[in-house]
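As structure tokens, the structure follows; a few thoughts come after it.
Each reported figure results from applying straightforward, stated rules to the coordinates on display, with no laboratory input. Note that the structure is a prediction, hence the values are computed from the model and not measured. Cβ sites come from the backbone with ideal geometry, for glycine too, and all protein chains shown count toward neighbours.
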Amino acid sequence: MTATADIHSYQPRQGHGLPHDPFNAIVGPRPIGWIGSHDGAGHRNLAPYSFFNAFNYVPPIVGFASIGAKDTLRNVQATGEFTWNLVTRELAERMNASCAAVPPEVDEFALAGLTPLASQQVTAPRVAESPVSFECRVTQIVQLTTAAGATVPTWLVLGEVVAVHIARRLLVNGVYDTAAARPMLRGGGPADYFEIAPELRFQMHRPT
């Protein structure tokens, strides 16, 4: 670890030397992967993942990382399906409630006061209160490794989006209005979140 008056530098394997790991705050804010699933035997699950994003246009592919073999990972391994549900500012507290560490048989939809909604193309449930949802079929589950080839107890789950559901109020002249949904994003530190607001929007077209 080295430091100058202007730069704090460190190698992650040797520790960061700070009160809280800055990695999550630097790579952020990040979309929240609010993942709905079931175990194939009638037990629903809903859990937020802070490592989530979109990775491809055609076909649309999204992914989230399960740090540890959690219920959601076991569910998607068993069924090959999941849903993603947009977390808005209005739903932030209920999203937070759904991340409680509870036994697999506990229904986080009920725990967080949310309504499970049947999907159209998959059997995994959606969140009825969320204004945007994706129905996904698993394409790959990859256990991560270090640069040296050692396995890491983290699994990247990728899924093809086979159905999209958008509240019509978020379509302005046919264009999805990101800011109007007031999406919640994960920041860093022990409890930081952000939301996108319309006044922060700016436009920048690609060079031709």
Have a look at Asp39, Asp177, Asp71 and tell me which one the Gaussian network model of the chain (Cα, springs below 10 Å) gives the largest fluctuation.
Asp177
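Do you know the relative contact order of the chain, to the nearest whole percent, from alpha carbon pairs under 8 angstrom that are 6+ apart?
That works out to 22 percent.
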Residue by residue through segment 46-54, which ³J(HN,Hα) values in whole Hz follow from phi under the Karplus form 6.51 cos²θ - 1.76 cosθ + 1.60 (θ = phi - 60°), with glycine and proline marked x?
9, 8, x, 10, 7, 9, 8, 5, 9
If one builds a Gaussian network model of the chain from Cα atoms under 10 Å apart, the most fluctuating residue listed among Ala97, Ala110, Ala191 is Ala191
How would you classify segment 22-191 from its alpha-carbon gyration tensor, with a ≥ b ≥ c the square roots of the eigenvalues: rounded for a/c under 1.5, else prolate if a/b is greater than b/c, otherwise oblate?
rounded
Here, GluC sites (Glu not before Pro) of segment 1-106 satisfying both criteria (DSSP loop; at most 15 other Cβ within 10 Å) are Glu105
Between segment 120-162 and segment 9-67, what is the C-alpha centre distance in whole Å?
10
Built amide H within the under 5 Å cut-off of Met184, gap 5+
Val87, Thr88, Arg89
Of Gly149, Gly33, Gly113, which has the largest mean-square fluctuation in a 10 Å C-alpha GNM of the chain?
Gly149
Counting only residues 5 or more places away or on other chains, whose amide H sits under 5 Å from the amide H of Tyr10 once H atoms are built in the peptide plane?
Thr2
Within a 10 angstrom radius of the beta carbon, how do His38, His8, His205, His165 rank from fewest other beta carbons to most?
His205, His8, His165, His38
Assigned charges on the beta-carbon of Lys, Arg, Asp, Glu; segment 22-191 dipole about Cα centre (debye)
340
Work out, step by step, the length gained on full extension between Val162 and Thr208: first 0.36 nm times the residue separation, then minus their alpha carbon distance; give nm to one decimal.
13.3 nm
Given Phe202, Leu111, Thr154, which one lies farthest toward the positive end of the charge dipole of the chain, if we put +1 on the Cβ of every Lys and Arg and -1 on the Cβ of every Asp and Glu?
Phe202
Taking only DSSP H segments of four or more residues, each worth -39500 (n - 2.57), what value at 222 nm results for the chain once the sum is divided by all its residues, to the nearest 500 deg cm²/dmol?
-2500 deg cm²/dmol
